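The structure appears below as structure tokens.
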Amino acid sequence: MNNQATIDILQKAIASHRNTVDYLEIRVEQSEATGLAFRGPQLDAVDRSFALSGGIRACHNGGWSFVTFNGLAELDTRIAEAISSAKLVGEETTELANTEPIEDIVRVDIKRDPRSVSLADKRKLLEAYNNLILKYDPRIQTTMSSISDRFTTNYFVNSTGSCIVQERMDVNGRFGVVARGEGGIVRQGFESVHSRTDFDVLVGIEDRVLGAAKRAVNQLEANSVKGGQYTVVLDPYLAGVFIHEAFGHLSEADFVYENPKMQELLTLGKPLGIKQLNVIDDATLPDLPGTMKYDDEGVPGQRKYLIKDGVLTQRLHSRETAGKMQEKPTGNARAMRANYPPIVRMTNTAIEPGDTSFEDMIEDIEEGVYAVRMLGGQTNGEMFTFAAAEGYMIRDGKIAEPVSDVTLSGNVFQTLKDIEAIGNDTIYTNGGCGKGGQMPLPVSVGGPHLRIKNVVVGGR
């Protein structure tokens, strides 16, 4: 079914129910996708799918309902169910921030279309990369290699007059390595690539793929770091993950609105760090996983400063949280698929670069730790613990021997205050974020090198 035919069906369906509830929206997603994966030397999965999914949200007297469907023929029935459910639960006042109705069609400017590449050619490409890392070193035990592509057309109509069609393409490559050394020590290495426009992002990346194997093997030679407090330098990958996980989620207004303690800790205008600290969430950056022209409520994607010149200036909103907190919507209502409800989520979250070179950052550190990439971690409110994928001691202003089992713990607000220097470099990396049962939502994280004092570092 073409775009106009689908639009006509959705607009006709919503017009007949426009005045029956305070708010009504319909989202439909048509998708086609392929995915291939190797585990060790074995081809583990070959998937190809075509799907249509949809979701309807209705709000009445502050009560929300969400109903899913898998075909347009059932649309009227599902709308009636959504309206009935919203009226059943609504007992307050509907508070939605006002937005202007938008009509738009957003196309993808495709370079090399993955749909024009055969499954056989995709398998050949992936198998070559997988064999490359399998044979890199005899200590490599297994690999987890995959490539995938997905093209979607998303339709959005609501009862206030918006009608938006957005195309989206994602091309991903993920490469994981497990290496085993003496004494049963196990180390891992990862690498990923992503494009929103071009299958060729997966072509000619042998050096990047081998990087995953090299990092896993190199860490086999590392001794466990001695636990204690150190001045720590985070590489750009780990700096981006830190600001996303430890601070970005605290900036999501649904969390703040429901948490009186966080409302106090996150009062707009509050100083949080040095004047050079700027943290953004930017849906307008080109060719990144979190980039979008409109969010899943039809609100334009924006560049927001969560922290500007060290001061808390903004938070991330849906229309509902913006209405309840009497702030402006920010275009951060996102859903993993059309059959999930939009909730407040990040897009591309990063620390902006400063003016300190890496050499200057480490030159006066007598003994510190350089933490590189992320292996895993967890957050609990304002507290965090992250495990670095790689670590190196810093001695007398130089990068020294590798160390393993580097975990970083602390309170995010104290850690932001303890940032001493911000690098003049920056890197964005793709990721998948989880919240409210919706995982993995495409996002990216970014940042420069960061120097932080008094970090608690744990070893084995």
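The values are calculated or read from the model by the stated rules, or taken from the named source; none is laboratory data. No experiment lies behind these values; they were computed from the predicted model shown. With ideal geometry, Cβ positions are generated from the backbone for all residues, glycine too; neighbour counts draw on all protein chains shown. Ligands, DNA and RNA are stripped out before the accessible areas are found, and what is left, the full protein with its side chains, is counted by its heavy atoms. Shrake-Rupley method; radii C 1.70, N 1.55, O 1.52, S 1.80 Å.
Some observations on this one:
- Any pair with Cβ under 8 angstrom, 6 or more apart, that starts in region 86-98 at a residue that is closer than 14 Å to E320 by Cα and ends at one that is open to solvent by 100 Å² or more (accessible area, probe 1.4 Å) and not in a helix (DSSP H, G or I): A97/K328
- With respect to the stated conditions, R208 is in contact with an Asp or Glu (Cβ under 9 Å, 6 or more places away or on another chain), in a helix (DSSP H, G or I) and either at pLDDT below 95 or on the phi < 0 side of the Ramachandran plot (or both).
- Count of region 173-205 residues which are outside any strand (DSSP E or B) and either open to solvent by less than 20 Å² (accessible area, probe 1.4 Å) or at pLDDT below 95 (or both): 8
- Region 318-362 - residue that is among the basic types (K, R) and within 18 Å of D282 (Cα to Cα) and, of those, most open to solvent (accessible area, probe 1.4 Å): K328
- Qualifying positions in region 69-98 - part of a loop (DSSP other than H, G, I, E, B) and under 14 Å from R57 (Cβ atoms): G90, T94, L96
- Among the residues of this structure, R208 counts as one that is more than 20 Å from R150 (Cα to Cα), surrounded by fewer than 17 Cβ atoms within 10 Å (Cβ to Cβ) and under 25 Å from the mean Cα position of the chain (by Cα).
- Candidates in region 8-46 are the residues that are in a helix (DSSP H, G or I) and out of contact with any strand residue (DSSP E or B) (no Cβ under 8 Å at 6 or more places or on another chain); of these, the one that is most open to solvent (accessible area, probe 1.4 Å) is K12.
- On inspection, S145 passes the criterion of being touching a residue at least 12 places away in the same chain (Cβ under 8 Å), part of a strand (DSSP E or B) and buried (at least 22 other Cβ atoms within 10 Å of the Cβ).
- Selection status of T20, out of contact with any helix residue (DSSP H, G or I) (no Cβ under 6 Å at 6 or more places or on another chain) and under 21 Å from S159 (Cβ atoms): no
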